[in-house]
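Reviewing the structure listed below.
The values are calculated or read from the model by the stated rules, or taken from the named source; none is laboratory data. This is a predicted model, so every value here is computed, not measured. Please note: Cβ atoms are built from the backbone with ideal geometry, for glycine as well, and neighbour counts cover all protein chains shown. What goes into the accessible areas is simple: the full protein's heavy atoms, side chains included, and nothing from ligands, DNA or RNA. Shrake-Rupley method; radii C 1.70, N 1.55, O 1.52, S 1.80 Å.
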Amino acid sequence: MNSLQLTFNLKHYLVLIILITCTISFGQNVTEFKGIVLDKDTNNPLALADLIITNSNVSTIANSDGEFLLKVPENLLQNTVTISYLGYQKLEVALSNFKPTDTKIYLQQAATVLAAIDIVAPKDAKELVEKALALKGENYATETVFMTGFYRETIKKRNRNASLSEAIVSIDKSSYKSSKNDQITLIKARKNTDYSRLDTIALKIQGGPFSSLHTDIIKYPEYIFNDETLSDYTFTFGRSTQVDNQLVYVVNFKQKENVYRPLYYGTLYIDANNYALTSAVYKLNVENQVEATKLFVRKKPRKANVYPTEASYKVNYRTKNGKWYFAYSNIMISFKVNWDNRWFNSRYTLQSEMAITDWNINKDLLTNKQTKKLKTNSILQDQVSGFSDPDFWGEYNIIEPEKSIETAIKKIKRQVEKN
């Protein structure tokens, strides 16, 4: 069977990165708490709920099933945890009320006083977006912030996991007033790929964790809203909501009907008090299949037609002491490969997410472990190590694996034990 290779040029869309394992030692004792965040009325899980230990920058994020794993340093065990979710009242719970496993946290939907919003609501949605972009120097960090983040990537062929990558990274997040790009250093990582599920396709995709940072619309507006493209969108107001008990304007956007190149559509959430972007959920318009493919595929097999079927993005920010900070990113890209000489096509879904789990203005207060600086186009060596070690992540907070990922990790462990 011939080897086929696809090379993608995704910039901020990039998904796959092949990671290496770095050695590391742990010097801090932590206590683990597992649980789930639920809607108080419906009992439905709240995917990607935010959990932050008060009076610190230590945090984690629930997975798509609402489940979380929070690792708390000994010196913070007397603190409380603030749990927040878009459209819900934030809740503060003492860590003494958390259980090692099976902690259930219930959030109540926020009742938005629409009349109060209408009095002060701006009349032009586009002007509000322009104001949010213009005020980045006032609303966001104006000095370099040193962050610790957890990064995960998966590749699925149809609904089955074919590749799983996870990493702890250190991020030098540059000032929002500066044109300097962010820097990423690899602290610890593990990776496994089942190439039999990837059929005859070898994926070569650059960027990795940098793609997550590039969803930061405020820091990198050139990828979605720049001086040239802003006029190509129609902006309208949606129903206002709340974040952390603060009023938030909802702005929907889509490309104008006379614009045919692939642009984006989605929703922006803008703080009503200071006009800061608090989160964004958006997709790339892939209806123009030829032009959308050009954004992703640089080279493809001659007898294959490769095109994206969906490209979706999410970015969240957190606030502290009057400034907003990048907190979470999620990217999901699906594409099809149609072969001239086959009856059936191949469908792949590539997903990546990054959660900031700690940060500080002083770099020395975060990790100074053995690291490896990454380039924006990094593609690292494929290694299996790490999946056989149940304590691989040590003191670091991670996003609790979803059920399908847990299954994939168990299979990888069995493969490692056999070998």
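Quick rundown of the values:
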quantity: Whichever residue in segment 224-260 is basic (Lys, Arg) and assigned to a loop (DSSP other than H, G, I, E, B) and, among such residues, is modelled with the highest pLDDT; calculated: Lys256
quantity: Number of the exception - Thr293 against (1) in a strand (DSSP E or B); (2) under 30 Å from Asn345 (Cα atoms); calculated: (1)
quantity: In segment 312-349, the residues that are among the polar types (S, T, N, Q) and either free of Cβ contacts under 8 Å to residues at least 12 places away in the same chain or at positive phi (or both); calculated: Asn321, Asn345
quantity: Answer from Gly137, Gly149 - the residue that is open to solvent by less than 10 Å² (accessible area, probe 1.4 Å) and not hydrophobic (A, V, I, L, M, F, W, C); calculated: Gly149
quantity: Subset of segment 300-323 [more than 22 Å from the chain's Cα centre (by Cα) and either more than 20 Å from Lys157 (Cα to Cα) or not in a strand (DSSP E or B) (or both)]; calculated: Lys300, Pro301, Arg302, Lys303, Asn321, Gly322
quantity: Residue in segment 59-74 that is in contact with a helix residue (DSSP H, G or I) (Cβ under 6 Å, 6 or more places away or on another chain), in a loop (DSSP other than H, G, I, E, B), at pLDDT 90 or above and small (Gly, Ala, Ser) present; calculated: no
quantity: In segment 165-198, residue farthest from Asn345 (Cα to Cα) [restricted to those that are among the aliphatic types (A, V, I, L, M) and surrounded by fewer than 23 Cβ atoms within 10 Å (Cβ to Cβ)]; calculated: Ile187
